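Student: Okay, here's the structure, questions in a sec.
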Amino acid sequence: MSCVAVSCQQYGESVREAFLSASGPEAVAGDRPILLKPNLVNASPFPVTTHPDFVAAVIEAIREHTSVAMVIAEGCGAMELETEEIFVRLGYDCLSEKYGVKLLDLNHAPLVHQENPTCSIFPEMWLPEVAFTHCIVSLPVLKAHSLAEMTGALKNMMGFPPPSHYQRGGWKKSAFHGRMHRSIKDLCQYIMPDFTIMDATVGLSQYHLGGAECCPPIGKILAGSDALAIDRMGCELLGMNWQDVGYLR
C-alpha cells in the first residue's frame, strides 16, 4: 500500500503497526544503511520538531526486520544554532547512545555535485553524499507552514542542502525561500524518501514554528513509500485542499 493511516494511542504499538501495514520491511530491505531524517528545524520541542520517542519507536520497528547500520541525520535551518546543539537540546544525544545509532549533521557532511537540466530553479545542486548511498526514511511532523502551506515528508528533504551553498543571509536554507514551491519540487527531483513515517498525532494548524495545535489532536501515524500521497493525506487532515498547495499539485 502506498499510504496508510493508523490511530495512535502510544508510539511503539502504532508506529510498528503503521510500518508493517505500509510494507515498511520491504522498503528498507537490502544492504544499504538507513538514514533516519527527522524534522529538527530548530530547538523547539515537539510538535514543532520530531519527538525523540517517536524516532526510538521507528528504530525498534526497523530493527525487528534488519540489522543494517542506521544514522539519524539532519541539517537544521536555525540561524543561531548548529545541528549538533539541537541534537543535544532535544535529547537526540541520549537516543543515539541508547540505540547505538550515530548522529550526522547534514549541514557539514561531504558533498556531491548533481545536475538535472529539467529543474528550473536548481538545474545543479550540491547535496550530501549520504543522500545517495543510504535508504532515506523521512520522519516528519505534520504542520501548516507559512511559506509552503504545509510541511511533511517532501519539505523535510530541505534538511539535506548545505548552508555553504544555500544560505542567503539568515536562515541556513534561505535560497529556497523565495520560490518555495518550485524549489521543493526541484529538490525532490534529486532526492526523495524511500519510506516515510509521519507523526500526525497532534498537528500544528497555522504555523510551522509554533502557534495553535490542531484541536482535537489528529491522533494518527501516516506511513508509506509514496511521500507525495502521504503529504496529500496530511494536508487533508489539516483541513486543507492539497490542490491549493503548489508543490503537492
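The values are calculated or read from the model by the stated rules, or taken from the named source; none is laboratory data. Just so it is clear, the structure is predicted and the values come from calculations on it, not from any experiment. Here the Cβ positions follow ideal geometry from the backbone for every residue, glycine too, while neighbour counts run over all protein chains shown. When the accessible area is computed, the model is the full protein with side chains, heavy atoms only, and any ligands, DNA or RNA have been set aside. Shrake-Rupley method; radii C 1.70, N 1.55, O 1.52, S 1.80 Å.
Student: Ignoring ligands and nucleic acids, what accessible area does GLU84 show with a 1.4 Å probe (Å², nearest 10)?
Tutor: 130 Å²
Student: Calculated from the structure, Cα extents along the principal axes in Å equals which of [x] 61, 45, 30; [y] 55, 51, 43; [z] 42, 38, 34?
Tutor: Looking at Cα extents along the principal axes in Å for this model, the match is [z].
Student: What does the charge count around SER205 come to, taking other residues whose C-beta lies under 11 Å from its C-beta (Lys +1, Arg +1, Asp -1, Glu -1)? If you can, show how the numbers build up before the last one.
Tutor: Numbers: positive: LYS143; negative: GLU213.
Residues near SER205 contribute 0 overall.
Student: Related question: Heavy-atom accessible area per residue, region 37-137, 1.4 Å probe: how many Å²?
Tutor: On a per-residue basis, region 37-137 sits at 44 Å².
Student: Can I ask one more? Who wins for biggest fluctuation among PRO161, PRO123, PRO52 in a Gaussian network model of the chain, springs between alpha carbons below 10 Å?
Tutor: PRO123
Student: In addition: Could you tell me which of PRO128, THR83, ILE34 has its Cα farthest along the dipole of region 1-133 towards the positive end, charges placed at Cβ (Lys, Arg +1; Asp, Glu -1), taken about the Cα centre?
Tutor: ILE34
Student: For the chain, which whole percent of the accessible surface, found with a 1.4 angstrom probe, sits on carbon and sulfur atoms?
Tutor: Taking all protein chains in place, the chain shows 48 percent carbon and sulfur surface.
Student: Leaving ligands, DNA and RNA out of it, rank SER21, SER67, SER174 by accessible area with a 1.4 Å probe, largest first.
Tutor: SER67, SER21, SER174
Student: Counting each DSSP H run of 4 or more residues in the chain as -39500 (n - 2.57), what helix-only mean residue ellipticity at 222 nm follows after dividing by all residues, to the nearest 500 deg cm²/dmol?
Tutor: -8000 deg cm²/dmol
Student: Let me ask something else about it. Ignoring ligands, DNA and RNA, what accessible area per residue does region 159-222 give at 1.4 Å, in Å²?
Tutor: 40 Å²
Student: Moving to a separate point now. Can you tell which of LYS220, LYS37, LYS98 shows the greatest fluctuation in a Gaussian network model of the chain with Cα springs below 10 Å?
Tutor: Among LYS220, LYS37, LYS98, the largest GNM mean-square fluctuation belongs to LYS98.
Student: While we're here: Sorting CYS188, CYS94 by accessible area (1.4 Å probe), largest first, what list results?
Tutor: Ranked list, largest accessible area first: CYS94, CYS188.
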